[in-house]
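The values are calculated or read from the model by the stated rules, or taken from the named source; none is laboratory data. Keep in mind the model is a prediction, meaning the values are calculated, not measured. For neighbour counting, all protein chains shown are included, and Cβ atoms are generated from backbone atoms with ideal geometry for every residue, glycine included.
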Amino acid sequence: MLRFLAAVGAVFLGFLAGTGRLVMFAGLTLATALTPPFYPRAILREMVNIGYFSLPVVGLTAIFTGMVLALQSYTGFSRFAAESAIATVVVLSVTRELGPVITGLMVAGRVGAAMAAEIGTMRVTDQIDALTTLSTDPLRYLVLPRLAAGLITLPILVLVADIIGVFGGYLVGVYRLGFNPEAYLNRTHQYLETIDVVSGLVKAAVFGFIIALMGCYHGYYSRGGAQGVGQATTYAVVSASVLILVFNYLITAAFFGR
Amino acid sequence: MSDTGPAKISVRGLRKSFGRKRVLDGVDIDCASGESLVIIGGSGTGKSVLIKCILGLLHPEAGSIRVDGLETAGLRRGERERLLQRFGMLFQGSALFDSLSVWENVAFGLVHGRGVEGLRAREVALAKLGAVGLGPEVSLLRPAELSGGMQKRVALARAIAAEPEIVFFDEPTTGLDPIMADVINDLIVKCVREVGTTAVSITHDMVSARKIADRIAMLHQGRIVWHGPTAEIDRSGNPYVDQFINGRAEGPIQMEIRAA
């Protein structure tokens, strides 16, 4: 029994130590934003990496999500003769929930893993130590641009995903289910409020920060060669995905919880 | 511990452990200004750890590290960055930045550490590449396109690009063929003799140590067990040094070998 409690205690202490280290890592990185030098080119390069190169996968995911949502809503709502609510359900679901969450999870898989692998490789090949010896703060040069790019780019990406997702619902609604195009579009924006889109974009900014933070953190502290880097990419994707779902609930509760 | 003048670098009672393993156990060593000090010792004796502690890449548990009399342990981030502007470092695996071209690697410290303007930094980078025997045609290549010897030379050019007062060389000849190793040794000697740089090298390559060192120190089980001028190493009278420089399996240094 004592041994079991000791094991539970060790896991709990390990969790607390890891959380503390993560918070310190984020805090020290954000503190570098207060003083020059800044690296705007690095931020732009990361924005292109995160945003532009994620567009195909996010676009495809969004359009099929919108299409499936319209189809599923129809099969359910037709039982209650509530088919006219489909357009509203699609637009609210996509802007509030599915757009940010699906985009966040896809980008976590694509970009979070790549960040962890790149920074992890730099760690195990002494490139991060080399940065330090060249009087360059690795947190300022490597991590801060990625955090900034994640924070700025995800909302843009989610806005695009929202539009594509709603368009997917429109395609199914009009061409498969036979809705009148004008009526569908009217229903789409009739009940849509600014807060629906804004809450999704706030989620996106938080998710972008989480993805970049977890990718950089796990890469930065990776050790043990190729195996360590592989582990870092796994941890980066899993922890970012879990945190996205947790923060999705918290932000939803903050915006819409009564 | 230096016999050659006032200490540029002075290390006293340095201790560093990883978990339960104590790697440095009270290291005392000095390096005089303009001197080339080589620290020898077997693999895993803490040579790289010692250098990383001096540079502030690792934090020792106890001891003092002074550079020109200034205590460096516990320096703040900004102070550490300013101090590191006086250092250059050649890493064992070169540690070149994959995403940058050769000249950008060499110019990195000038541009980001010292704020030198891009064109000027490029001129300096090309000059330093020339000094290590690499032509301008190499400057636009990526590190992955170079051989191991060329990567080492680029790393050397990067280490000396800003003409630092102190340069550390971590296993400068490891993994190189004898001819390329001698080329690197010559470049290090040239750097120290012509520019007057203070150099601290770590190696277990005795040919390299004899060529580049003014003074040699031997690290064993976390302590300096012998130090003296290079010319005296063959008559050190120290059994650890004798075993090491003659490469004998028998002696006071016991390698941990597990039976199959």
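Would you point out the residue of segment B:112-124, among those that are more than 20 Å from residue B:165 (Cβ to Cβ) and within 14 Å of chain A (Cβ to nearest Cβ), that is surrounded by the fewest Cβ atoms within 10 Å (Cβ to Cβ)?
B:117
Can you go through A:155, A:145, A:100 and tell me which one is at pLDDT 95 or above, within 14 Å of another protein chain (Cβ to nearest Cβ) and either within 30 Å of residue B:78 (Cβ to Cβ) or buried (at least 19 other Cβ atoms within 10 Å of the Cβ) (or both)? Step through it out loud before you land on a result.
On the way: A:155 fails: within 14 Å of another protein chain (Cβ to nearest Cβ); A:100 fails: within 14 Å of another protein chain (Cβ to nearest Cβ).
Checking each option against the conditions leaves just A:145.
For residue A:67, indicate whether it is of a type outside the set (Asp, Glu), surrounded by 18 or more Cβ atoms within 10 Å (Cβ to Cβ) and farther than 20 Å from residue A:205 by Cβ. Outline the logic, then answer.
Working: of a type outside the set (Asp, Glu): yes; surrounded by 18 or more Cβ atoms within 10 Å (Cβ to Cβ): yes; farther than 20 Å from residue A:205 by Cβ: yes.
Judged against the criteria, residue A:67 is a match.
Looking at (1) on the phi < 0 side of the Ramachandran plot; (2) among the small types (Gly, Ala, Ser); (3) more than 14 Å from chain A (Cβ to nearest Cβ), which is the one condition that is false for residue B:46?
Among (1) on the phi < 0 side of the Ramachandran plot; (2) among the small types (Gly, Ala, Ser); (3) more than 14 Å from chain A (Cβ to nearest Cβ), residue B:46 violates only (1).
Name every residue in segment B:15-54 that is of a type in the set (A, V, I, L, M, F, W, C) and part of a strand (DSSP E or B), in order of residue number. Spell out the reasoning first.
Initial filter on segment B:15-54 (of a type in the set (A, V, I, L, M, F, W, C)): B:18, B:23-24, B:27, B:29, B:31-32, B:37-40, B:49-51, B:53-54.
Result: B:18, B:23, B:24, B:27, B:29, B:31, B:32, B:37, B:38, B:39, B:40.
Enumerate the helices (runs of 4 or more DSSP H) found wholly within segment A:74-169, keeping only those where 1 or more residues are closer than 27 Å to residue A:222 by Cα. Steps first, please.
Values: elements: A:86-93, A:99-107, A:113-124, A:127-133.
The qualifying helices (runs of 4 or more DSSP H) are A:99-107, A:113-124, A:127-133.
Read through the list (1) aliphatic (A, V, I, L, M); (2) in contact with a strand residue (DSSP E or B) (Cβ under 8 Å, 6 or more places away or on another chain); (3) part of a loop (DSSP other than H, G, I, E, B); (4) closer than 15 Å to residue B:100 by Cβ, then give the number of the only condition that residue B:140 fails.
(2)
For residue B:101, state whether it is more than 25 Å from residue B:55 (Cβ to Cβ) and either modelled with pLDDT of 95 or more or among the small types (Gly, Ala, Ser) (or both). Can you show your working first?
On the way: more than 25 Å from residue B:55 (Cβ to Cβ): yes; either modelled with pLDDT of 95 or more or among the small types (Gly, Ala, Ser) (or both): yes.
Against the criterion (more than 25 Å from residue B:55 (Cβ to Cβ) and either modelled with pLDDT of 95 or more or among the small types (Gly, Ala, Ser) (or both)), residue B:101 qualifies.
Could you tell me which numbered condition residue B:109 fails, if it satisfies all but one of (1) more than 12 Å from every other protein chain (Cβ to nearest Cβ); (2) surrounded by 13 or more Cβ atoms within 10 Å (Cβ to Cβ); (3) among the small types (Gly, Ala, Ser)?
Against the list (1) more than 12 Å from every other protein chain (Cβ to nearest Cβ); (2) surrounded by 13 or more Cβ atoms within 10 Å (Cβ to Cβ); (3) among the small types (Gly, Ala, Ser), residue B:109 comes up short only on (1).
Do any residues in segment A:127-139 that are closer than 12 Å to residue B:95 by Cα have Cβ atoms under 8 Å from those of residues that are surrounded by 21 or more Cβ atoms within 10 Å (Cβ to Cβ) and among the β-branched types (Val, Ile, Thr), where the two are at least six apart or on different chains, and which pairs are they?
Listed pairs, sorted by first residue: A:128/A:119.
May I ask you to say which residue of B:140, B:146 is surrounded by fewer than 20 Cβ atoms within 10 Å (Cβ to Cβ), more than 14 Å from chain A (Cβ to nearest Cβ), touching a Phe, Trp or Tyr at 6+ places or on another chain (Cβ under 9 Å) and not small (Gly, Ala, Ser)?
Details: B:146 fails: touching a Phe, Trp or Tyr at 6+ places or on another chain (Cβ under 9 Å).
Selected residue: B:140, the only one of B:140, B:146 that is surrounded by fewer than 20 Cβ atoms within 10 Å (Cβ to Cβ), more than 14 Å from chain A (Cβ to nearest Cβ), touching a Phe, Trp or Tyr at 6+ places or on another chain (Cβ under 9 Å) and not small (Gly, Ala, Ser).
For segment A:103-135, name all the residues that are buried (at least 24 other Cβ atoms within 10 Å of the Cβ), within 13 Å of chain B (Cβ to nearest Cβ) and β-branched (Val, Ile, Thr).
A:119, A:133
Residue by residue through segment A:31-63, note down the ones that are more than 19 Å from residue A:156 (Cα to Cα) and assigned to a helix (DSSP H, G or I).
Quick first cut of segment A:31-63, residues more than 19 Å from residue A:156 (Cα to Cα) only: A:31-39.
Matches in segment A:31-63: A:31, A:32, A:33, A:34.
Consider segment B:55-102. How many of its residues are hydrophobic (A, V, I, L, M, F, W, C), farther than 20 Å from residue A:221 by Cβ, within 12 Å of another protein chain (Cβ to nearest Cβ) and part of a helix (DSSP H, G or I)?
Let us first name the residues in segment B:55-102 that are hydrophobic (A, V, I, L, M, F, W, C), namely B:55, B:57-58, B:62, B:65, B:67, B:70, B:73, B:75, B:83-84, B:87, B:89-91, B:95-97, B:100, B:102.
If we keep only those that are farther than 20 Å from residue A:221 by Cβ too, we end up with B:62, B:65, B:67, B:70, B:73, B:75, B:83-84, B:87, B:89-90, B:96, B:100, B:102.
Next, from what is left, pick out any that are within 12 Å of another protein chain (Cβ to nearest Cβ): B:83-84, B:87, B:89-90, B:96, B:100.
When the remaining residues are screened for being part of a helix (DSSP H, G or I), the result is B:83-84.
Qualifying residue count for the region: 2.
Only one of B:249, B:217 is in contact with a His (Cβ under 6 Å, 6 or more places away or on another chain) and either modelled with pLDDT of 95 or more or over 17 Å from residue B:132 (Cα atoms) (or both); which? Explain how you work it out, then say what you get.
Details: B:249 fails: in contact with a His (Cβ under 6 Å, 6 or more places away or on another chain).
Every option except B:217 fails the conditions.
Could you list all residues from segment A:171-210 that are free of Cβ contacts under 8 Å to residues at least 24 places away in the same chain, under 26 Å from the mean Cα position of the chain (by Cα) and assigned to a helix (DSSP H, G or I)?
A:194, A:198
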